[in-house]
Amino acid sequence: MAATPDLEKKRTNLFLVLSGIFLANALLAELIGVKIFSAEALLGMPGAQIGLMGEKFDFNLTAGVIIWPVVFVTTDIINEYFGKKGVQKISILTVILILYAFLVITVVTGLPPAAFWLELNNQDAAGNPFNIDYAFNSIYRQGLGIIIGSLVAFLISQFLDATVFHWLRSFTGSGKIWLRATGSTLVSQLIDSVVVLFVAFYIFGNWPLSLVMSVAAINYIYKFFIAIALTPALYLAHYLIDGYLGQRTAEAMIETAAEESEK
């Protein structure tokens with residue numbers, strides 16, 4: 001069935017909206033990821049002190065995990081309607097834009113601060129000495145190892161997610177979206193959790209391998225439960241998109257995406 005101008009416009013609008021959500025959340029996650037927060041403190045609980053590989057860990061997580069689940073869901077939705085090529089296209093564009101953001105941050109943090117700006121902000125709310133330029137640079141700058149590690153892990157996990165998603169679809173057909181979406185996310189995020197820490201802190205840093213694997217395990221436990229908890233959101237997004245496109249168009253797009261991804 002040939003696409004009418006109205007249907008083609010809807011497809012384009014859908015891809016733009018999904019891509020915008022994907023890009024915004026992936027970029028934000030990179031920028032806010034420098035903050036580490038305590039999940040136990042957030043819930044008013046004592047540290048978990050989970051024993052892994054001879055180490056004891058609490059659920060201390062990067063702030064980026066707060067919005068990263070949105071990327072999980074958006075990846076699966078793009079995969080469902082636009083196939084592996086759609087995911088790969090937006091993933092590569094995201095990496096380019098993240099690199100651009102870090103390039104701009106590197107230039108901006110290297111600019112000499114104005115004297116009056118330092119003077120006006122030379123104390124915190126309690127009257128303690130405060131260097132706003134140092135704080136600004138500390139927040140926005142990230143080490144080369146962290147940048148490379150996060151981008152390598154992002155690309156590998158996104159490409160893997162797209163591949164596993166359609167591999168599972170070859171068994172489930174058009175049904176059981178929860179299985180292929182959750183299954184692909186669980187596999188890709190396992191790799192992501194290990195690769196980002198391995199590259200950033202083992203190859204470029206001084207972490208022992210046991211610490212890398214232990215921290216990766218803590219991060220993956222969180223991602224595991226979040227991926228499962230987000231299943232209703234996936235069905236809600238599917239329902240809204242099908243209503244926007246029309247059932248026949250939506251089904252045709254899903255089948256086309258599946259066929260092209262198997263080539």
- Working carefully through the options 78, 92, find the one that is in contact with a Gly (Cβ under 6 Å, 6 or more places away or on another chain) and part of a helix (DSSP H, G or I). 78
- Return the total of residues in the stretch 197-215 being open to solvent by 40 Å² or more (accessible area, probe 1.4 Å), among the β-branched types (Val, Ile, Thr) and under 12 Å from residue 150 (Cα atoms). 0
- Query: For the subset of the stretch 12-24 comprising residues that are surrounded by fewer than 16 Cβ atoms within 10 Å (Cβ to Cβ) and farther than 22 Å from residue 101 by Cβ, which member is modelled with the highest pLDDT?
  - Reply: 13
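Quick test for you: out of 44, 33, pick the one residue that is of a type in the set (Gly, Ala, Ser), surrounded by fewer than 21 Cβ atoms within 10 Å (Cβ to Cβ) and closer than 25 Å to residue 200 by Cα. Break it down into steps so the answer makes sense when it comes.
Details: 44 fails: closer than 25 Å to residue 200 by Cα.
One residue alone meets the criteria, 33.
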- Item | Residues that are at pLDDT 90 or above, surrounded by 21 or more Cβ atoms within 10 Å (Cβ to Cβ) and charged (D, E, K, R), drawn from the stretch 81-101 | none
- Query: Within the stretch 36-52, is there a residue that is aromatic (Phe, Trp, Tyr), modelled with pLDDT of 90 or more and either on the phi < 0 side of the Ramachandran plot or touching a strand residue (DSSP E or B) at 6+ places or on another chain (Cβ under 9 Å) (or both)?
  - Reply: no
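Among the residues of the stretch 108-137 satisfying the criterion of being among the charged types (D, E, K, R) and under 23 Å from residue 35 (Cα atoms), which is surrounded by the fewest Cβ atoms within 10 Å (Cβ to Cβ)?
Per the stated criteria, the residue is 124.
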- Item | Matching residues, the stretch 156-178, being open to solvent by 30 Å² or more (accessible area, probe 1.4 Å), among the charged types (D, E, K, R) and over 21 Å from residue 252 (Cβ atoms) | none
- Note on the structure: Pairing a residue in the stretch 120-144 that is modelled with pLDDT of 90 or more with any residue that is assigned to a helix (DSSP H, G or I) and of a type in the set (D, E, K, R), where Cβ atoms lie under 9 Å and the two sit 6 or more apart in sequence or on different chains, gives 121/133
- Item | Tabulated pairs, the stretch 235-263, first at pLDDT below 85, second in a helix (DSSP H, G or I) and open to solvent by 80 Å² or more (accessible area, probe 1.4 Å), C-beta under 9 angstrom, 6+ apart or interchain | 257/85; 260/85; 261/85
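Of the residues 161, 133, which single one is among the charged types (D, E, K, R), more than 26 Å from the chain's Cα centre (by Cα) and at negative phi?
Working: 161 fails: more than 26 Å from the chain's Cα centre (by Cα).
Result of the check over 161, 133: 133.
Please find, among 27, 61, the residue that is within 22 Å of the chain's Cα centre (by Cα), at pLDDT 85 or above and among the hydrophobic types (A, V, I, L, M, F, W, C). First the steps, then the outcome.
Details: 61 fails: at pLDDT 85 or above.
The match here is 27.
The values are calculated or read from the model by the stated rules, or taken from the named source; none is laboratory data. These numbers come from a predicted model, not from an experiment. In this analysis, Cβ positions are derived from the backbone assuming ideal geometry, glycine residues included, and neighbour counts consider all displayed protein chains. Just the protein is used for accessible areas: all its heavy atoms, side chains included, with ligands, DNA and RNA removed. Shrake-Rupley method; radii C 1.70, N 1.55, O 1.52, S 1.80 Å.
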